[in-house]
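J.: Okay, here's the structure, questions in a sec.
The values are calculated or read from the model by the stated rules, or taken from the named source; none is laboratory data. Just so we're clear, the structure is a prediction, and the values are computed from it rather than from any experiment. Quick reminder, even Gly has a Cβ in these numbers, built from the backbone with ideal geometry, and neighbours come from all protein chains shown. These accessible areas exclude ligands, DNA and RNA; they are computed on the full protein's heavy atoms, side chains included. Shrake-Rupley method; radii C 1.70, N 1.55, O 1.52, S 1.80 Å.
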2 protein chains.
Amino acid sequence: MARAMNFNAGPAALPEEALDRAQRELLDIEGTGLSILEHSHRGKTYDAIHTQALALVRELLAVPDSHDVMFVQGGASGQFAVVPMNLLPAGKSADYVVTGSWAKKAAKEAKNVGKVRIACSTEKDKKFARVPAQSELDLDPGAAYVHIASNNTIAGTQFDEFPDTGSVPLVADMSSDIMWRPIDVSKFGLIYAGAQKNIGPSGIVLVIADKALIENGRTDIPEIFQYRTHAAAGSLYHTPPTFSIYLMRNILEIVKSSGGVAAMEKHNREKARVLYDAIEARPDFFTSPVEKPSRSLMNVVFNLPTPELEAEFVAEATKNGMVGLKGHRSVGGVRASIYNAAKLEWVQALAGFMAEFHKGS
Amino acid sequence: MARAMNFNAGPAALPEEALDRAQRELLDIEGTGLSILEHSHRGKTYDAIHTQALALVRELLAVPDSHDVMFVQGGASGQFAVVPMNLLPAGKSADYVVTGSWAKKAAKEAKNVGKVRIACSTEKDKKFARVPAQSELDLDPGAAYVHIASNNTIAGTQFDEFPDTGSVPLVADMSSDIMWRPIDVSKFGLIYAGAQKNIGPSGIVLVIADKALIENGRTDIPEIFQYRTHAAAGSLYHTPPTFSIYLMRNILEIVKSSGGVAAMEKHNREKARVLYDAIEARPDFFTSPVEKPSRSLMNVVFNLPTPELEAEFVAEATKNGMVGLKGHRSVGGVRASIYNAAKLEWVQALAGFMAEFHKGS
């Protein structure tokens with residue numbers, strides 16, 4: 001069949017050109033007679049790709065020399081533990097800003113490692129309907145770090161501006177918030193991002209970390225979990241997930257040739273505008289559970305008048321080639337994830353379908 | 001060019017049919033209009049593959065009901081830490097059998113977690129030239145577990161029979177030793193295997209563990225590192241590396257249709273025989289640094305009279321389409337890794353080349 005319009009939350013749509021290239025090269029890359037999957041991670045062919053992928057991250061996000069770029073395994077969920085293992089020593093506590101299910105899970109896992117303070121939670125009064133203003137954050141100036149999830153895939157909220165944490169390092173889970181717009185990396189102590197939303201397949205995590213921060217991190221943990229290990233080894237301390245990094249390289253090359261993250265931002269803002277306009281045009285039928293200033297540009301969540309209508313909407317959309325629109329099982333509703341690789345025409349088709357569906361109901 | 005004869009130690013050769021299938025399906029799997037890389041790990045398409053991959057491991061290795069089968073991330077190097085984090089409580093120590101660089105690294109990492117005893121090391125007197133006999137093992141009957149690396153990729157040695165550890169759980173790194181012959185899983189407390197030798201791409205680890213052992217494991221560690229977490233969630237606690245598991249499924253299906261692990265064993269024994277015969281036929285020119293009963297059937301290492309001749313041998317072989325033959329950088333020499341996917345005709349070609357090279361020198 002034709003390629004579907006993919007609104008999955010992650011693993012998510014990937015740029016077709018990146019997949020085309022992977023398909024073309026799958027049994028023989030660069031005339032070597034081997035698949036990239038079969039190349040040694042210590043050989044020239046893979047090494048060039050690995051180096052290029054790291055360099056593309058640095059270039060596209062303008063990562064300053066003060067920060068290391070790394071690829072690690074274990075998912076963002078792994079980082080929920082690895083961040084405090086490195087950065088939360090005995091006698092200190094870390095501040096967590098709880099704005100959604102994943103941020104909450106990160107805080108919970110950190111408690112298995114050390115002392116955690118909740119600097120703010122938007123769960124009880126607002127059901128994660130917004131991200132907090134700076135003034136709502138109860139920050140401990142002595143904290144080891146402040147942790148945020150900068151985009152909340154389930155709640156559909158996003159920090160437009162990042163919190164100011166003063167001299168306390170800001171650590172951000174940017175799994176669903178990376179590489180779609182320029183950011184000032186120097187403001188972050190550490191960024192981590194599971195690749196499977198904006199930059200690649202599942203099974204690989206991008207970490208960008210302040211060199212001094214990780215150098216001063218704990219040394220009483222296994223070597224494999226120390227950021228300094230991976231930074232020093234150029235992310236080749238052990239066998240990396242070579243195909244995942246290869247595919248990320250393909251994708252980052254497309255981001256670059258498309259005009260970089262500034263062009264991505266324009267593209268993504270337009271997609272989100274089309275979709276939120278479609279919601280707002282029919283306020284008696286489509287409603288957003290999210291407060292307007294907190295709306296995510298990556299995950300657009302909305303409700304219909306009843307769960308039955310929502311189920312019908314998702315089923316009909318699927319028949320029309322639009323897949324992945326079911327809201328997360330913990331909250332229901334509808335969710336359209338529109339990361340970098342989601343096309344404007346898909347979003348326009350979805351907006352058109354929303355109008356049709358409303359008319360027919 | 002034609003597909004090369006791939007003797008890489010890992011990532012290594014993969015069955016061409018598994019890659020062909022991945023190539024064919026890469027942009028559209030099962031008529032869904034999506035790549036497997038773009039499917040949700042919670043959706044029907046991926047779920048069927050995930051379930052099938054787990055079931056194939058269970059079936060092919062005849063894993064008994066007493067044991068769980070899991071897929072985890074972080075490489076075998078991750079398991080060097082995760083095993084003691086789960087199984088080595090304060091007040092206990094674990095026995096490590098050190099038969100090569102990786103086994104040594106596993107012991108070193110375990111020391112970052114708890115108390116480690118070296119039950120045997122073949123490093124000093126024998127430079128890892130053999131695996132120990134049962135009588136050489138100084139086992140602690142009170143140990144939390146005994147750890148072995150059942151095949152040593154760098155030294156080129158392998159346990160033909162596994163040590164008897166009595167009532168102490170046997171934990172084995174079988175990264176380069178899995179799925180090539182039948183094993184009695186019930187004798188192991190825990191098996192782990194990075195996939196990138198015999199069963200798949202890098203970025204995914206197979207774990208087979210005694211249910212009672214992991215259930216009684218430590219609970220004072222992050223949830224993501226507890227085996228019980230992944231066992232209870234059917235390896236879907238967090239987003240798995242979906243493509244890697246998909247490809248492993250493709251590979252395991254081929255193992256099954258080829259006659260299962262019994263057929264693999266026959267195939268692999270024949271390949272190893274051809275290669276060791278080629279070495280033994282020219283004892284003044286090719287020598288094996290490994291004691292005969294300890295010879296690995298997966299990684300055949302050998303030396304030529306001088307390092308210069310070894311370099312020339314590897315370079316000439318490469319020109320003849322045989323790649324990956326350079327010995328590990330820590331030991332030099334020549335190494336032919338001949339896992340499941342290496343073809344008998346490649347090994348025959350290599351043996352022929354060895355004869356030619358000897359004649360011409």
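J.: How high is the FRET efficiency between A:LYS319 and A:ASP277 when r is their beta carbon distance and R₀ equals 25 Å, given to the nearest 0.05? Intermediate results must be reported in sequence, preceding the final value.
T.: On the way: r = 24 Å, r/R0 = 0.96.
Once the sixth-power term is evaluated, E becomes 0.55.
J.: Run through all the Cα pairs of the range A:260-360 and give the fraction in each 5 Å bin from 0, expressed as whole percent.
T.: Going from the shortest bin to the longest, the percentages are 2, 13, 25, 27, 20, 8, 3, 1, 0.
J.: Please compute the net charge surrounding B:LEU297, taking Lys and Arg as +1 and Asp and Glu as -1 over other residues with Cβ under 12 Å from its Cβ.
T.: My count for the surroundings of B:LEU297 gives +2.
J.: Cut-off 10 angstrom, C-alpha nodes, Gaussian network model of chain A. Which of A:GLU265, A:GLU223, A:GLU123 fluctuates the most?
T.: Ranking A:GLU265, A:GLU223, A:GLU123 by mean-square fluctuation puts A:GLU223 first.
J.: Let me ask another. Net charge around A:ILE214, counting only other residues with Cβ within less than 14 Å of its Cβ (Lys, Arg = +1; Asp, Glu = -1)?
T.: Details: positive: A:LYS211, A:ARG218, A:ARG228; negative: A:ASP68, A:ASP210, A:GLU215, A:GLU223.
Net of charged neighbours comes to -1.
J.: Could you grab the relative contact order for chain B? Cα pairs under 8 Å, six or more apart, rounded to a whole percent.
T.: Working: 681 pairs, mean separation 81.4, N = 361.
Taking the mean separation of contacting Cα pairs over the length of chain B, I get 23 percent.
J.: With every protein chain left in place, what is the accessible area of A:ARG42 in Å² (1.4 Å probe, nearest 10)?
T.: Its accessible surface works out to 110 Å², give or take rounding.
J.: Another one. Measuring from centroid to centroid over Cα atoms, what is the spacing of the range A:1-75 and the range B:1-76 in Å?
T.: The distance from the Cα centre of the range A:1-75 to that of the range B:1-76 comes to 18 Å.
J.: At 7 angstrom along the Cα-to-beta-carbon line, where would the label on A:PRO64 sit relative to the other copies? Give the distances in nm, shortest first.
T.: Label-point separations across copies, in nm and ascending: 6.0.
J.: Ranked by accessible surface with a 1.4 Å probe, highest first, in what order do A:ARG249, A:ARG329, B:ARG218 come? Don't skip to the end; give the middle numbers.
T.: Working: A:ARG249 5, A:ARG329 170, B:ARG218 55 Å².
My answer, sorted largest first, is A:ARG329, B:ARG218, A:ARG249.
J.: So if I restrict to the alpha-carbon atoms in the protein assembly as shown, what is the Rg, and what is Dmax, the biggest pairwise distance, in Å?
T.: Rg and Dmax of the protein assembly as shown, Cα atoms, are 26.3, 88 Å.
J.: How big is the C-alpha Rg of chain B next to the rule-of-thumb value 2.2 N^0.38 Å, as a ratio? Could the numbers behind the result be given before it?
T.: Details: Rg = 20.7 Å, N = 361, 2.2 N^0.38 = 20.6 Å.
That works out to 1.01 for chain B.
J.: Another one. Counting only other residues whose beta carbon sits under 14 Å from that of B:THR229, what net charge do I get with K and R as +1, D and E as -1?
T.: On the way: positive: A:LYS105, A:LYS108, B:LYS211, B:ARG218, B:ARG228; negative: A:GLU109, B:ASP68, B:GLU215, B:ASP220, B:GLU223.
The answer is 0.
J.: Turning to a different aspect of this structure: Between A:SER135 and A:ASP160, what is 0.36 nm times their sequence separation minus the Cα-Cα distance? Round to one decimal in nm. The partial results should precede the final answer.
T.: Values: separation 25, 0.36 × 25 = 9.00 nm, distance 1.51 nm.
Result: 7.5 nm gained on full extension.
J.: Out of all DSSP beta bridges in chain A, what portion is antiparallel? Express it as a percent rounded to 5.
T.: On the way: 20 of 37 bridges.
Of those bridges, close to 55 percent are antiparallel.
J.: With chain B treated as a Gaussian network of Cα nodes joined by springs under 10 Å, which of B:SER35, B:SER235, B:SER93 yields the largest mean-square fluctuation?
T.: Fluctuation is largest for B:SER35.
J.: Continuing with the same structure: Between B:GLU312 and B:THR51, take the C-beta separation as r, use R0 = 51 Å, and let me know the FRET efficiency to the nearest 0.05.
T.: Working: r = 50 Å, r/R0 = 0.98.
Once the sixth-power term is evaluated, E becomes 0.55.
J.: While we're looking at this one, here's another question. What is the Cα centroid distance between the range A:210-226 and the range B:209-272, reported in whole angstrom?
T.: Cα centroid to Cα centroid, the span is 30 Å.
J.: Could you work out [θ]222 nm for the protein assembly as shown from helices alone, using -39500 (n - 2.57) per DSSP H run of at least four and dividing by all its residues? Round to the nearest 500 deg cm²/dmol.
T.: On the way: 20 runs with 258 residues, N = 722.
One gets -11500 deg cm²/dmol as the mean residue ellipticity at 222 nm.
J.: Moving on. For B:ASP47, what accessible surface area do you get with a 1.4 Å probe? Give it in Å², rounded to 10.
T.: Accessible area of B:ASP47: about 60 Å².
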